[in-house]
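**Student:** To start, I am sharing the structure in question, which I have written as structure tokens.
The values are calculated or read from the model by the stated rules, or taken from the named source; none is laboratory data. Quick caveat: nothing in here was measured; it's all calculated off a predicted structure. Please note: Cβ atoms are built from the backbone with ideal geometry, for glycine as well, and neighbour counts cover all protein chains shown. Just the protein is used for accessible areas: all its heavy atoms, side chains included, with ligands, DNA and RNA removed. Shrake-Rupley method; radii C 1.70, N 1.55, O 1.52, S 1.80 Å.
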Amino acid sequence: MKNISILGATGSIGTQTLDVIRQSNGEIKLFGITANSSVDKMKEIIEEFNPKYVGMMDESCSEVIKNYCIEKNKNIEVFSGIDGLIKIATLDEIDTVVTSVVGMIGLKPTMAAIEAKKDIALANKETLVVAGELVMNKAKEMGVKILPVDSEHSAIFQSLSGYKNKDINKIILTASGGPFRGKNIDDLKEVTVKEALKHPKWNMGQKISIDSATLMNKGLEVIEAHFLFDTSYDNIEVVVHPQSIIHSMVEYKDASVIAQLGSPDMRLPIQYALNYPERKGMIAQPINFYEISQLTFEKPDMDTFKCLKLAYKAGKIGGLAPTVLNGANEEAVALLLEEKIKFLQIAEIIEECMKVFEKQYSNELTLENIINLDKSVREYIRSKWELGVNN
Ligand code: NAD
Ligand code: MG
């Protein structure tokens, strides 16, 4: 039996986690759920899963859910704001939290969950990017597990099973290449938000879809891998593998490579994280090897997709540099989705912020400094690009 909460239950990962629960024959029980403002989806989840606790980030949405629960005679406690997320992440009844909110907003609730000795099934990579050292140290101190949900990191985690860190040569992160694979800077000048959102292999939330188009997603994943597996950046390599069948690999010191393969279905790594170390029944379509004509591999083009290069740079600098990289990316992606900037400006904005905030990289790595610096970066970006004047 596993008792869980889901932070971000209405999103792409959240919804697929609900499906894993549906297929768990009652072995996974849902106690708490949160969302930002998706009231209708939340009502549907409440009807089907009857959780004991609900958190809505948006105050007015939490009122709507409260009234709904009264009207439907449901004995559910409803919370709001970041304190609501923290409450749902630290419930006495649960042993594991699925962190599937998008963005570094997940940082405080994740840290609170670890302090409350909850295992973390981690999808929310931004939290590990900005505070990897704090999160991993706290997890060690509290004796809790950080189980990766991100498909690449789940693959690495599985490929590492039974081996020691000293036996690893390098981690090979696979990347689909996103919707703009093979394009050059000129091709990318006029691409639309709609084109950027159209991922060839995965159906995901908007922010991570844009990150996949810029290759920032892979950049964030490099930093995520660095912290999760305690591996230096020089030993983390990105390989473009458009078929998304090999989810990542580990090369050992004898040059043997161990990989994990599977159809591109996030329910697989979610189910694995929620049942680790056990494996449960088949939730994804098995691979039909007769139907795969080829598996191909390419070097990523870091000159065109500069975000990946910037992520390596920020990761190697360390300290608060990844906070600037991540905050600038979150805000630039938001501006792109609002159609206030163009696709290529995302990398330009991040690069500029990395220069402007350089002096703060070496400030002490504390939760407070991370949150304040993230805020400053976002304010800087909004003050300059909000009106689209620099387009
Ligand atoms: P999504 O946009 O589909 O869902 C995000 C969820 O977070 C929603 O439930 C939303 O209500 C909630 N949320 C959004 N903003 C919030 C805020 N400010 N405060 C509180 N709650 C908020 O996103 P997603 O694609 O499910 O991704 C979630 C996380 O998982 C991201 O960190 C992403 O990088 C990671 N991830 C996603 C996938 C995927 O296939 N979707 C794969 C690997 C990793
Ligand atoms: Mg991934």
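**Student:** Show the residue pairs meeting these rules: Cβ distance below 9 Å; 6+ apart or different chains; first residue within the stretch 202-222 and hydroxyl-bearing (Ser, Thr, Tyr); second residue within 12 Å of ligand 2 (Cβ to nearest atom) and open to solvent by less than 10 Å² (accessible area, probe 1.4 Å).
**Tutor:** Every condition considered, the pairs that remain are Ser209/Gly178; Ser212/Ala175; Ser212/Gly178; Thr214/Gly178.
**Student:** Of the residues Glu93, Glu126, Glu77, Glu133, only one is under 21 Å from the mean Cα position of the chain (by Cα), more than 16 Å from ligand 1 (Cβ to nearest atom) and not hydrophobic (A, V, I, L, M, F, W, C); which?
**Tutor:** Details: Glu93 fails: under 21 Å from the mean Cα position of the chain (by Cα); Glu126 fails: more than 16 Å from ligand 1 (Cβ to nearest atom); Glu77 fails: under 21 Å from the mean Cα position of the chain (by Cα).
Result: Glu133 is the single residue among Glu93, Glu126, Glu77, Glu133 that is under 21 Å from the mean Cα position of the chain (by Cα), more than 16 Å from ligand 1 (Cβ to nearest atom) and not hydrophobic (A, V, I, L, M, F, W, C).
**Student:** Please verify whether Lys194 is outside the structural domain of Ser38 (by the TED database) and touching a residue at least 24 places away in the same chain (Cβ under 8 Å), treating the condition exactly as stated.
**Tutor:** Details: outside the structural domain of Ser38 (by the TED database): yes; touching a residue at least 24 places away in the same chain (Cβ under 8 Å): no.
Judged against the criteria, Lys194 is not a match.
**Student:** Here's a follow-up. For Glu93, all conditions in the list (1) in contact with a Phe, Trp or Tyr (Cβ under 6 Å, 6 or more places away or on another chain); (2) crowded, with 18+ Cβ neighbours inside 10 Å; (3) not hydrophobic (A, V, I, L, M, F, W, C) hold save one; what is the number of the exception?
**Tutor:** (2)
**Student:** Follow-up question, since we're still on this one. Only one residue in Lys218, Lys207, Lys194 is within 11 Å of ligand 2 (Cβ to nearest atom), at pLDDT 95 or above and either in a helix (DSSP H, G or I) or among the aromatic types (Phe, Trp, Tyr) (or both). Which one? I'd like the intermediate steps shown before the answer.
**Tutor:** On the way: Lys207 fails: within 11 Å of ligand 2 (Cβ to nearest atom); Lys194 fails: within 11 Å of ligand 2 (Cβ to nearest atom).
Of the residues listed, the single one that is within 11 Å of ligand 2 (Cβ to nearest atom), at pLDDT 95 or above and either in a helix (DSSP H, G or I) or among the aromatic types (Phe, Trp, Tyr) (or both) is Lys218.
**Student:** Something else about it: For the stretch 253-272, which positions are more than 16 Å from ligand 1 (Cβ to nearest atom) and either hydrophobic (A, V, I, L, M, F, W, C) or within 19 Å of Asn288 (Cα to Cα) (or both)? Outline the logic, then answer.
**Tutor:** We begin by selecting, within the stretch 253-272, every residue more than 16 Å from ligand 1 (Cβ to nearest atom); these are 253-259, 261.
Ala255, Val257, Ile258, Ala259, Leu261, listed by residue number.
**Student:** Same structure, new question: Could you list, in sequence order, the residues of the stretch 99-129 that are open to solvent by less than 10 Å² (accessible area, probe 1.4 Å), of a type in the set (Gly, Ala, Ser) and part of a loop (DSSP other than H, G, I, E, B)?
**Tutor:** Gly103
**Student:** Now for a separate question. Answer yes or no: is there a residue in the stretch 30-51 that is closer than 26 Å to Leu107 by Cβ, open to solvent by 80 Å² or more (accessible area, probe 1.4 Å) and modelled with pLDDT of 95 or more.
**Tutor:** Yes: the stretch 30-51 contains one or more residues that are closer than 26 Å to Leu107 by Cβ, open to solvent by 80 Å² or more (accessible area, probe 1.4 Å) and modelled with pLDDT of 95 or more.
**Student:** Determine if the stretch 173-180 includes at least one residue that is within 14 Å of ligand 2 (Cβ to nearest atom), more than 26 Å from Glu331 (Cβ to Cβ), in contact with an Asp or Glu (Cβ under 9 Å, 6 or more places away or on another chain) and not assigned by the TED database to the domain that holds Ala347.
**Tutor:** Just the residues of the stretch 173-180 that are within 14 Å of ligand 2 (Cβ to nearest atom), to begin with: 173-178.
So of that shortlist, the ones also more than 26 Å from Glu331 (Cβ to Cβ) come out as 174.
Still in the running and in contact with an Asp or Glu (Cβ under 9 Å, 6 or more places away or on another chain): 174.
From the residues that got through so far, the ones that are not assigned by the TED database to the domain that holds Ala347 too are 174.
Yes, the stretch 173-180 contains a residue that is within 14 Å of ligand 2 (Cβ to nearest atom), more than 26 Å from Glu331 (Cβ to Cβ), in contact with an Asp or Glu (Cβ under 9 Å, 6 or more places away or on another chain) and not assigned by the TED database to the domain that holds Ala347.
**Student:** Right, Glu278: open to solvent by 30 Å² or more (accessible area, probe 1.4 Å) and either among the β-branched types (Val, Ile, Thr) or outside the structural domain of Val240 (by the TED database) (or both) or not?
**Tutor:** No: the conditions fail for Glu278.
**Student:** Which pairs turn up if I take residues in the stretch 353-364 that are in a helix (DSSP H, G or I) and look for partners that are open to solvent by 70 Å² or more (accessible area, probe 1.4 Å) with beta carbon separation below 9 Å, at least 6 apart in sequence or on another chain?
**Tutor:** Close Cβ pairs (under 9 Å, with a partner that is open to solvent by 70 Å² or more (accessible area, probe 1.4 Å)) amount to Met354/Lys313; Met354/Ile317; Glu358/Ile317.
**Student:** Restricting to the stretch 304-361, and then to whatever is basic (Lys, Arg) and over 20 Å from Trp385 (Cβ atoms), can you tell me which residue is least open to solvent (accessible area, probe 1.4 Å)? Give the steps one after another, and end with the answer.
**Tutor:** From the stretch 304-361, those basic (Lys, Arg) are 306, 309, 313, 316, 340, 342, 355, 359; that's our starting set.
From what's left, over 20 Å from Trp385 (Cβ atoms): 309, 313, 316, 359.
Details: Lys309: 90, Lys313: 114, Lys316: 119, Lys359: 182 Å².
Looking at the filtered set, the residue picked out is Lys309.
**Student:** Could I ask something else about it? Checking the condition within 11 Å of ligand 1 (Cβ to nearest atom) and β-branched (Val, Ile, Thr), which residue from Ile245, Ile210 passes? Step through it out loud before you land on a result.
**Tutor:** Numbers: Ile245 fails: within 11 Å of ligand 1 (Cβ to nearest atom).
It is Ile210.
**Student:** Could you tell me which residue of the stretch 221-245 is surrounded by the most Cβ atoms within 10 Å (Cβ to Cβ), considering only residues that are within 14 Å of ligand 2 (Cβ to nearest atom) and charged (D, E, K, R)?
**Tutor:** In this case the residue turns out to be Glu221.
**Student:** Follow-up question, since we're still on this one. Kindly indicate whether any position in the stretch 80-91 is in contact with a helix residue (DSSP H, G or I) (Cβ under 7 Å, 6 or more places away or on another chain) and within 25 Å of Pro277 (Cβ to Cβ).
**Tutor:** The answer is yes; a qualifying residue exists.
**Student:** Next up: Output the residues belonging to the stretch 130-179 that are among the hydroxyl-bearing types (Ser, Thr, Tyr) and either without any contact (Cβ under 8 Å) to a residue 40 or more places away in the chain or open to solvent by 30 Å² or more (accessible area, probe 1.4 Å) (or both).
**Tutor:** Of the stretch 130-179, the ones among the hydroxyl-bearing types (Ser, Thr, Tyr) are 151, 154, 159, 161, 163, 174, 176.
Correct list: Ser161, Tyr163.
**Student:** Looking only at the stretch 373-391, count every residue that is over 23 Å from Val191 (Cα atoms) and either of a type in the set (Lys, Arg) or surrounded by 15 or more Cβ atoms within 10 Å (Cβ to Cβ) (or both) and tell me the total. Reasoning before the result, please.
**Tutor:** The initial filter retains those residues of the stretch 373-391 that are over 23 Å from Val191 (Cα atoms), namely 373-380, 383.
Then keep just the ones that are either of a type in the set (Lys, Arg) or surrounded by 15 or more Cβ atoms within 10 Å (Cβ to Cβ) (or both); that gives 373-378, 380.
Adding up the residues that qualify gives 7.
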